[in-house]
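Have a look at the structure below, then the notes.
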Amino acid sequence: MSCRDEPTGEPPLTGRARRARLAIRAGEHAGPTAHLAPGCVQANLVALPRAVASDFVAFAARNPKPCPIVEVVERGTEAVRSAPGSDLRTDVPRYRLFIHGDHADSATDATAWWRDDLVAVLLGCSFSFETALVRAGLPVRHVEQDCNVPMYITNRLCESAGDFAGLLVVSMRPMPAESVDRARRITDAYPQAHGGPVHTGDPAALGIADLHTPDFGDPVDIHDGEVPMFWACGVTPQLAIAKARPELAITHEPGHMFITDLPAEAKFR
């Protein structure tokens, strides 16, 4: 699916994001979103009953690398601040349903699962900084290979809040060795999209045994002379949900994001 700008009377990024959401809502795009709406902030979704939502927001605040908060939608299904006119029940390509912490179902529409007492939390995603990497001439391998980004469960513990706790999940992008520092500097400028990498080099230091078997997403090629770089990932909350075991939770399927109208702007250089 293409989200090229067309004359709509809207600012270019707003029009691009809105067209992507409408295409997702219509079922025209049900796959990963890494290549959609470049320049727009993409977000992970976590929707929880109000009774436990405050503990989850505290978990996110204590773990800002994997869980940078974009918006908290306390009532309703529209992300009013970040994506006016959106519907959180339909505008994610694929959703996951958790019942008492167990992944019970996946679907392209969460309307049947949604409840009036749900609080939705949108968390920044590293897809948001990929346009900056491409503009700098750096590889984004999962986009080149038209697949989902590889994601891995690490041995690093997050800081707990209430019943929410668990291990950090990371995404991986291989970079030429001579470009590692440049990739770090570029992504450091996007704290709302997980910021700079949490680790570079030996995956065993993160407890990752085999880069060819990610826990989520797809494996990608690593070329000679390239180094794996690892960024905190917004799938981390799904492990925290498994620990907390709330009666119900709705999330995005890993790699299938909610696209906002917000510009993915560098915060510092």
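Readers should treat all values here as calculations from the given coordinates under stated rules, not as data from a laboratory. The structure displayed is predicted, hence computed values, not measured ones. Cβ placement follows ideal geometry from the backbone for every residue including glycine, while neighbour counts extend to all protein chains displayed.
Amide H contacts of Leu167 (H built 1.01 Å from N, in plane; Pro and chain starts excluded): Cys158 sit under 5 Å, all sequence-distant by 5 or more or on other chains.
Please list 188-195, 97-104 highest first by mean number of surrounding beta-carbon atoms within 10 Å per residue. Before the final figure, lay out the partial values.
Numbers: 188-195: 21.1, 97-104: 15.4.
Averaged packing, sorted descending, gives the order 188-195, 97-104.
Could you work out the local net charge near Pro228, counting Lys and Arg as +1, Asp and Glu as -1, over the other residues with Cβ closer than 14 Å to its Cβ? With Lys, Arg at +1 and Asp, Glu at -1, the net is -2. Other residues lying with their Cβ under 13 Å from the Cβ of Pro246 contribute a combined charge of -1, Lys and Arg counting +1, Asp and Glu -1.
Roughly what % antiparallel, to the nearest 5, for the DSSP beta bridges in the chain?
DSSP beta bridges in the chain are roughly 100 percent antiparallel.
Amide H contacts for Val227 (H built 1.01 Å from N in the peptide plane; partners 5 or more residues away or on another chain; cut-off under 5 Å): Met175, Ala177.
Cβ under 11 Å from Ala51's Cβ, Ala51 left aside: what net charge do those residues give with Lys, Arg +1 and Asp, Glu -1? The partial results should precede the final answer.
Working: positive: Arg50; negative: Asp55, Asp117, Glu247.
Its environment carries a net charge of -2.
Between amide H atoms placed 1.01 Å from N, distances below 5 Å from Gly195 occur with Tyr190, all of them 5 or more places distant or on a separate chain.
With the Cα gyration tensor of the stretch 139-236 in hand, give its eigenvalues times 5 under a square root as the equivalent ellipsoid semi-axes, listed largest first in whole angstrom. Can you show the working numbers first?
On the way: eigenvalues 97, 50, 32 Å².
For the stretch 139-236, the ellipsoid semi-axes come out as 22, 16, 13 Å.
Placing a label point 7 Å from the Cα of Ala136 along the Cα-to-Cβ direction, the residues of the stretch 234-269 whose backbone N falls under 16 Å of that point are 264-269.
Separation of the stretch 109-154 and the stretch 11-67, taken as the distance between their Cα centroids, equals 8 angstrom. Sequentially through the stretch 172-186, phi angles give Karplus couplings (6.51, -1.76, 1.60; θ = phi - 60°) of 10, 9, x, 10, x, 3, 6, 9, 4, 5, 5, 4, 5, 5, 4 Hz, Gly and Pro residues having no value and appearing as x. Descending by average beta-carbon neighbour count within 10 Å, the peptides 217-226, 70-79 line up as 70-79, 217-226, the highest first. When the charge dipole of the chain is built from unit charges on Cβ atoms (+1 for Lys and Arg, -1 for Asp and Glu) and taken about the Cα centre, the candidate among Leu118, Ala34, Ile69 whose Cα reaches farthest toward its positive end is Ile69. Alpha-carbon geometry of the chain: the Rg and the Dmax are 17.4, 52 Å, given in that order.
Under a Cβ-only charge scheme (Lys and Arg +1, Asp and Glu -1), can you give me the dipole magnitude of the chain about the Cα centre, in debye to the nearest 20?
Details: 26 positive and 34 negative charges, 119 e Å.
Around 580 debye, computed over the chain.
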